[in-house]
Amino acid sequence: MTPERREFIIGLFEHYQPTDAQDVQEMLKDLLGDILQGMLEAEMDQKLGYSKYDYQNKETDDSRNGYSHKTVTSSMGDTDLDIPRDRRGEFEPQIVKKHQTDISNIEDQVLSMYAKGMTTRDISTPLSNVYGAEASAETFSHMT
């Protein structure tokens, strides 16, 4: 285990303070939701061409327009997500597609890649399989 990974795990235990296996399961469920939420935000950044509050780099007349609440089911239980929206209504999230409520296959890939410490270039292949489309290493860098 690398020193960085050890420090990360210690930080998780200090924050969540799990006392049994159920607490660890809840911690992982919480982390999965945060990772997926971050990936959705990165998808919106990629679609619009600028990150949130970075209006200086905005080169489109489209912009963010709030969120839609969604509950998805994974092997760890239900996870609440806020799916970003754009003003034109053209945003099509790929990590959790419209009308998709079961994310079991996605969670396995995300957690596996996260645990392995893969680079963005390594991650692009399996996540492209989930997405069903090609995406740049830069996109995966923003997502992870």
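The values are calculated or read from the model by the stated rules, or taken from the named source; none is laboratory data. Owing to the predicted nature of the structure, the values given are computational and were not obtained by experimental measurement. Virtual Cβ from ideal backbone geometry, glycine too; neighbours counted across all protein chains shown.
What do you reckon, is Asp45 charged (D, E, K, R) and either assigned to a loop (DSSP other than H, G, I, E, B) or within 23 Å of Leu12 (Cα to Cα) (or both)?
Answer is no for this residue.
Looking at Gly77, is it closer than 26 Å to Thr101 by Cα and out of contact with any helix residue (DSSP H, G or I) (no Cβ under 8 Å at 6 or more places or on another chain)?
Answer is no for this residue.
Looking only at region 1-25, filter to residues that are surrounded by 12 or more Cβ atoms within 10 Å (Cβ to Cβ) and in contact (Cβ under 8 Å) with a residue 12 or more places away in the chain; which one of those is nearest to Ser75 (Cα to Cα)?
Gln25
Assess whether Leu32 counts as being touching a helix residue (DSSP H, G or I) at 6+ places or on another chain (Cβ under 8 Å) and assigned to a helix (DSSP H, G or I).
yes
Test each condition in (1) of a type in the set (A, V, I, L, M, F, W, C); (2) surrounded by 11 or more Cβ atoms within 10 Å (Cβ to Cβ); (3) within 21 Å of Gly33 (Cβ to Cβ); (4) modelled with pLDDT of 65 or more for Leu48 and report the one that comes out false.
(3)
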